[in-house]
Amino acid sequence: MKVPANVAASGPNHQPAGSRRKPKSFLTLILLGFSIVGLPLISALIYSAVRIDQLAEQSRENVYQATQITNGSGIIIDEIRAMERSVQHALVLDDASLLEGYFLAHAKFEKITKHLLDISAHLEQQLLLEKLRLLETSIFREILILNEQPKDLQYLLDRFASLLLLAQEFSSDSLRLIGQNVGKMSEIATQTRSLVEWELLILIPLVVFLALAFSVFIARPIRQIDEAILHMGQGKLTRAIHVNGPQNLQYLGARLDWLRLRLLKLEEQKMQFLRHVSHELKTPLTAIREGTDLLVEGIPGNLNAKQQLIAGILHTSSMQLQKRIEDLLSFSALQADMITLVKQRVNLGEMINSVIKVQNLSILNKNITINLTCPEIILECDKQKLDIILDNLLSNAVKFSPVDGHIEITAAQSDDAIQIEVEDSGPGVDSMDQKQIFEPFYQGRNTPSTHIKGTGLGLAIAKEYALAHGGNIAFVRNTGQGARFRLTLPA
C-alpha cells in the first residue's frame, strides 16, 4: 500500500491549486439552474401575454370602429332623408324659411362624415365617404344659390335620391368590411391559440429535460462526496477523491482527499507496526515452542505428572500464540494486497476430514458431534489458503457450540459452483453483528465467556481468501438455533 511522499507535509490548511479563491456558492448553482429552467416558461408567458394583449387591443379598436361606422351610417341616411324632406316642404309651400331644417341636417351630416373619415381604416370606406361629402356639398352650394327661389329646387330632388343610394351603398360596404374584420380577428385568435398550444408542447418537454439535466448536474457533486465518504468508511483509501461542481464543493472534495491520504498514512503505519510486532514475536515464540516440545517429548529427562501437565499447558498456549501471530501476518499481507494463489487439485472431503482432525482435541473436550456430508469433489485451489478458510469456519463452530452440541458440515457441487455450509448449534449471530462479522478485529456479542478471546481476524482472513479464489463467504440467516456460514467456490 504505497502512500505519496507529500502526505505527511499536507496539513489541514492545505488547499489544491485553483481553490484559494473564495469558493462559489452551491446556492448560486441552484439559483442558476432554476433560472435557466424557468427562463423558457417566463419568455413564453411574456410572449403569450403580449400577443393576447395585442389581440385584445385590436379587438377593442375593431369593435369601436364597427359600432361607430354602423351608427354613423344610420345617422347619415337619416340626415339625408331629413334634408330631402326640408327641401320638399320648402318646394311645396314655396317658403324659404322651411330650409332651416335642411341646414341643421347638413351640419350634422358634415360632422358625422368627418368623424367617420377620422376613424375609418379602410380606403374603400374613405372613398365612399368622400363621394358622399362631395355630392352633398354640391347640393348644399346650389341650395345656397337658390335660397330665395324655392320653386327652382325641384331638380335637386333626384340628386338627393342619388345621395341616399350612395349612403346605403356605404352602409352595405361597411357591414361587409365589418364581417371581414370579424373573420380576420377570429383567424388571428385561432392562430394565437395554436401558437400557445405549440409553445406548451415544445416547452413542457424542454423544461422537464432541463430540470432533469440540472438535477443530475447539481446532484453529481453531492453523490461524489457521498461515495467518497462511503469508500473511506469501508477502508477503500487507494482511490483519489475528485469532486466536480462549484468551487466550494471542489474545496470540500480536496479536504476529503487530504483526509483520505492521512488515513492511508495511518493505515500504513498500523500495518507496519503489526508486521514488525508479529515478526519480533515470532523469534522468542520459536524458542518457547522448541523448548516446550523438548520438555513434552522428555528429551531433557522424564517429567513427573505435574511437570507434564505444566509442559502441556505451555505447549498448547504456544500453539495458540503462534496462530494469533500467523493471523496478524496473514492480515498484514491481505492489507498490502500480497495474496498469491498456488493452485493444485485437491480432494475436498479429505481436506475437511484433516481440518476436523486438527480440531479433534477441542471437539472431544466439548463432546461435539460432527455430521459431515460430502460427495467425491475434486477442485483446483490453493490448498494452504483453503485449509485456513475451513479451519476458521470449523474453529468458530466449535467455539460457539455448547457441550454435547453438534455441527453440520455439508458440501455440494453444481455446474458452476461448489458450496460448503458449516452450521453449529450455538446461540447464533446477534442481529446487530450480522453486518460486521467479517470486519477485521470485530468481536461478536455472543462470544462464550469461557473461551479465550481471539483476535477477530479469522472470518476476515477467510473471506479475503475466498474472494481471491473467485468465491465468497456469507452468513446465512437460520430460522433455527445456531449460525450457518456458506463458502462458495468456483467449480
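Which of the residues that make up segment 299-317 are of a type in the set (A, V, I, L, M) and open to solvent by less than 60 Å² (accessible area, probe 1.4 Å)? Don't jump to the end; show me each part of the working.
Step one: filter segment 299-317 for residues of a type in the set (A, V, I, L, M), giving 299, 303, 305, 309-311, 313-314.
Correct list: 303, 311.
Condition first: aromatic (Phe, Trp, Tyr) and more than 11 Å from residue 34 (Cα to Cα). Now tell me which residues in segment 207-228 satisfy that.
Here is the first cut: in segment 207-228, the residues aromatic (Phe, Trp, Tyr) are 209, 214, 217.
Correct list: 209, 217.
Tally time: how many residues in segment 95-133 are closer than 15 Å to residue 83 by Cβ, open to solvent by 40 Å² or more (accessible area, probe 1.4 Å) and not basic (Lys, Arg)?
Count: 6.
Select from segment 280-325 the residues that are under 17 Å from residue 358 (Cβ atoms) and among the hydrophobic types (A, V, I, L, M, F, W, C) and list them in ascending order.
319, 321
Of the residues 96, 90, 107, which is without any contact (Cβ under 8 Å) to a residue 40 or more places away in the chain and of a type outside the set (Asp, Glu)? It would help to see each step written out before you state the result.
On the way: 96 fails: without any contact (Cβ under 8 Å) to a residue 40 or more places away in the chain; 90 fails: without any contact (Cβ under 8 Å) to a residue 40 or more places away in the chain.
Among 96, 90, 107, only 107 is without any contact (Cβ under 8 Å) to a residue 40 or more places away in the chain and of a type outside the set (Asp, Glu).
Among the residues of segment 435-491, write down those that are in a loop (DSSP other than H, G, I, E, B), in contact with a Lys or Arg (Cβ under 6 Å, 6 or more places away or on another chain) and modelled with pLDDT of 75 or more. Don't jump to the end; show me each part of the working.
From segment 435-491, those in a loop (DSSP other than H, G, I, E, B) are 435-457, 469-471, 477-483, 491; that's our starting set.
Checking which are in contact with a Lys or Arg (Cβ under 6 Å, 6 or more places away or on another chain) leaves us with 438, 451, 455, 478.
Across segment 435-491, the qualifying residue is only 438.
Taking segment 227-250 only, how many residues are within 20 Å of the chain's Cα centre (by Cα) and in a loop (DSSP other than H, G, I, E, B)?
5
So which residues in segment 338-362 are more than 51 Å from the chain's Cα centre (by Cα) and either more than 25 Å from residue 488 (Cβ to Cβ) or open to solvent by 100 Å² or more (accessible area, probe 1.4 Å) (or both), if there are any at all?
Selection gives 350, 357, 358, 360, 361, 362.
Could you list all residues from segment 345-364 that are farther than 18 Å from residue 396 by Cβ, outside any helix (DSSP H, G or I) and of a type outside the set (Val, Ile, Thr)?
345, 347
Please go through segment 208-226 and give me each residue that is at pLDDT 80 or above and surrounded by 14 or more Cβ atoms within 10 Å (Cβ to Cβ), ordered by number.
220, 221, 224, 225, listed by residue number.
Does segment 404-416 hold any residues that are part of a strand (DSSP E or B), over 18 Å from residue 362 (Cβ atoms) and open to solvent by 20 Å² or more (accessible area, probe 1.4 Å), and which are they? So that I can check it myself, show each step before the final result.
Looking only at segment 404-416, we keep the residues that are part of a strand (DSSP E or B), and these are 406-413.
With the extra rule that they be over 18 Å from residue 362 (Cβ atoms), the set shrinks to 410-413.
If the condition is that a residue be part of a strand (DSSP E or B), over 18 Å from residue 362 (Cβ atoms) and open to solvent by 20 Å² or more (accessible area, probe 1.4 Å), then 410, 412, 413 are the ones that fit.
Out of segment 414-437, which residues are more than 21 Å from residue 351 (Cβ to Cβ) and touching a residue at least 60 places away in the same chain (Cβ under 8 Å)? Step through it out loud before you land on a result.
Of the residues in segment 414-437, the ones more than 21 Å from residue 351 (Cβ to Cβ) are 415, 425-437.
The answer is 415, and nothing else.
Within segment 82-94, track down each residue that is touching a helix residue (DSSP H, G or I) at 6+ places or on another chain (Cβ under 7 Å) and exposed (fewer than 15 other Cβ atoms within 10 Å of the Cβ).
94
Could you list all residues from segment 221-238 that are β-branched (Val, Ile, Thr) and under 22 Å from residue 265 (Cβ atoms)?
At the first step, the residues of segment 221-238 found to be β-branched (Val, Ile, Thr) are 222, 225, 229, 238.
Of everything in segment 221-238, those that are β-branched (Val, Ile, Thr) and under 22 Å from residue 265 (Cβ atoms) turn out to be 225, 229, 238.
Looking at (1) open to solvent by less than 50 Å² (accessible area, probe 1.4 Å); (2) over 30 Å from residue 58 (Cα atoms); (3) modelled with pLDDT of 80 or more, which is the only condition residue 146 fails?
Unmet condition: (3).
Among the residues of segment 422-434, is any surrounded by fewer than 18 Cβ atoms within 10 Å (Cβ to Cβ), at pLDDT 85 or above and in contact with a helix residue (DSSP H, G or I) (Cβ under 9 Å, 6 or more places away or on another chain)?
no
Taking only segment 366-403 into account, find how many residues are hydroxyl-bearing (Ser, Thr, Tyr), touching an Asp or Glu at 6+ places or on another chain (Cβ under 7 Å) and surrounded by fewer than 18 Cβ atoms within 10 Å (Cβ to Cβ). Lay out the reasoning, then the answer.
We begin by selecting, within segment 366-403, every residue hydroxyl-bearing (Ser, Thr, Tyr); these are 369, 373, 395, 401.
If we keep only those that are touching an Asp or Glu at 6+ places or on another chain (Cβ under 7 Å) as well, we get 401.
From the residues that got through so far, the ones that are surrounded by fewer than 18 Cβ atoms within 10 Å (Cβ to Cβ) too are none.
Number of matching residues: 0.
Taking residue 187 and the conditions (1) modelled with pLDDT of 80 or more; (2) more than 15 Å from residue 88 (Cα to Cα); (3) open to solvent by less than 40 Å² (accessible area, probe 1.4 Å), which numbered condition does it fall short on, given that it satisfies the others?
(3)
The values are calculated or read from the model by the stated rules, or taken from the named source; none is laboratory data. Just so it is clear, the structure is predicted and the values come from calculations on it, not from any experiment. Counting neighbours? That spans all protein chains shown, and the Cβs are built from the backbone with ideal geometry, glycine included. Just so you know, the surface numbers come from the protein's heavy atoms only, side chains and all, with ligands and any DNA or RNA stripped out. Shrake-Rupley method; radii C 1.70, N 1.55, O 1.52, S 1.80 Å.
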